[in-house]
1. Quick one: helix 13-25 against the long Cα principal axis of the chain, what's the angle to the nearest 10°, folded into 0 to 90?
2. Put a dot 7 Å past each Cα toward the Cβ at residue 37 and residue 1; how far apart are the dots in nm?
3. Determine the calculated [θ] at 222 nm for the chain from helices alone, applying -39500 (n - 2.57) to every DSSP H run no shorter than 4 residues and normalising by the residue count; nearest 500 deg cm²/dmol.
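What follows draws every value from the coordinates through simple rules; no lab data is involved. Predicted model only: the values in this text are computed from it and were never measured. With ideal geometry, Cβ positions are generated from the backbone for all residues, glycine too; neighbour counts draw on all protein chains shown.
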Amino acid sequence: MVKKKNFPLRMDPKLYDILQRWAKDEFRSVNSHVEFLLRDAAKKAGRLPKSEDKKIGED
């Protein structure tokens, strides 16, 4: 299992509420949904090599 990096994240409470509802709709925790969104954004921006894309999501 890959050890994940922990770090504090401060955000607007309204944004957190939106993310919480969105994550619930996708059957994810807020943490895993934020990670999913960031990974998707990195991939779309060309910042995530295809070989790394599979490795990052593995647990």
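1. It is inclined by approximately 60 degrees.
2. Reported label-point gap for residue 1 and residue 37 is 2.6 nm.
3. Working: 3 runs with 36 residues, N = 59.
Per the formula, -19000 deg cm²/dmol.
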